[in-house]
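Nothing in this text is a laboratory measurement; each read-out follows from the coordinates by a stated rule. Note that this is a predicted model, so its numbers are computed, not measured. Don't worry about glycine lacking a Cβ; one is built from the backbone with ideal geometry, like all the others, and counts go over all protein chains shown.
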Amino acid sequence: MKIFSIYSDVYPAEPSVRNTYLLADSAFLKNNKPFFLPEEGAPYAAYSALVAPVTRVGKTISRRFASRYYSDILPAVLFRAEGDIRTLSDEKCLLTNALSFDGALNTGFPAKGETIVWMNGDDRVECNIAEIKPLINLWIEQLSICNTLRTGDLLAFPVAQLTEVLQEDMKIEASSDGQQLMKFFIK
């Protein structure tokens with residue numbers, strides 16, 4: 001399984017192979033498991049994301065047919081070690097350690113509605129899935145030029161920053177049309 005994501009400071013992210021990175025499979029959390037704040041790399045930030053699980057094998061996929069390669073959209077939260085990003089950027093180093101670590105991607109259940117809302121206390125992000133799907137399709141077209149996408153791969157597309165500084169005991173939730181899709185705590 002491969003997990004692709006995009007590093008960007010502009011949201012929704014502009015899909016490009018140049019700002020795509022891979023996450024380790026240990027970065028993937030599901031079933032509302034808590035995120036444990038690592039001691040290194042603080043502060044940590046949370047970003048709302050949409051995850052498209054790949055459902056069939058493909059290479060060199062046209063944007064026109066990209067939507068055939070995923071069927072569900074999952075709400076997710078991507079975590080970043082913002083302290084490490086600043087340090088590594090200043091040293092002109094790769095950002096891998098700041099982006100790919102255990103638990104860096106937490107996903108919920110598939111969305112059935114057209115809009116997903118993420119909440120963390122007073123922080124709220126709302127996303128219309130139909131507006132983001134063309135960007136995901138473009139990203140699939142670009143990724144599949146050099147990568148074979150396989151069943152089970154995950155495409156994590158960041159939508160917006162949810163929380164600038166994570167703290168213990170925060171609760172993060174996502175829902176669609178009143179149905180709760182994810183709920184987990186920061187430990």
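Which length gain, in nm to one decimal place, applies between Lys33 and Lys183 when the Cα-Cα distance is subtracted from 0.36 nm times their residue separation?
Values: separation 150, 0.36 × 150 = 54.00 nm, distance 0.85 nm.
So the chain would gain 53.2 nm between Lys33 and Lys183.
With r defined as the distance between the Cβ atoms of Arg86 and Phe65 and R0 fixed at 45 Å, what FRET efficiency is calculated, to the nearest 0.05? The partial results should precede the final answer.
Working: r = 40 Å, r/R0 = 0.89.
Step by step, r from the Cβ atoms, then E = 0.65.
When the chain is fully extended, how far beyond the present Cα-Cα distance does Glu131 get from Met1, taking 0.36 nm per residue of separation?
Details: separation 130, 0.36 × 130 = 46.80 nm, distance 2.68 nm.
Residue separation times 0.36 nm, minus the Cα-Cα distance, leaves 44.1 nm.
Under unit Cβ charges (Lys, Arg +1; Asp, Glu -1), what dipole magnitude, rounded to 20 debye, does segment 3-178 have relative to its Cα centre? Kindly include the intermediate steps, with their values, before the conclusion.
Values: 16 positive and 23 negative charges, 221 e Å.
Dipole about the Cα centre, nearest 20: 1060 debye.
Starting from the Cα of Leu138, step 7 Å toward the Cβ, then list every residue of segment 1-33 with an amide N under 15 Å from that point.
6-20
Rank Ile132, Ile140, Ile73 by mean-square fluctuation in a GNM of the chain with C-alpha springs under 10 angstrom and give only the top-ranked residue.
For the chain, modelled as a Gaussian network with Cα springs under 10 Å, the answer is Ile132.
For the pairs Lys2/Lys133; Lys59/Lys133; Lys33/Lys59; Lys59/Lys171, flag any whose C-alpha to C-alpha distance is greater than 27 Å.
Details: Lys2/Lys133 20 Å; Lys59/Lys133 19 Å; Lys33/Lys59 33 Å; Lys59/Lys171 39 Å.
Violating the 27 Å limit, Cα to Cα: Lys33/Lys59; Lys59/Lys171.
Taking N as the number of residues in segment 3-178, what value does Rg over Cα atoms divided by 2.2 N^0.38 Å take?
Numbers: Rg = 15.5 Å, N = 176, 2.2 N^0.38 = 15.7 Å.
The value comes to 0.99.
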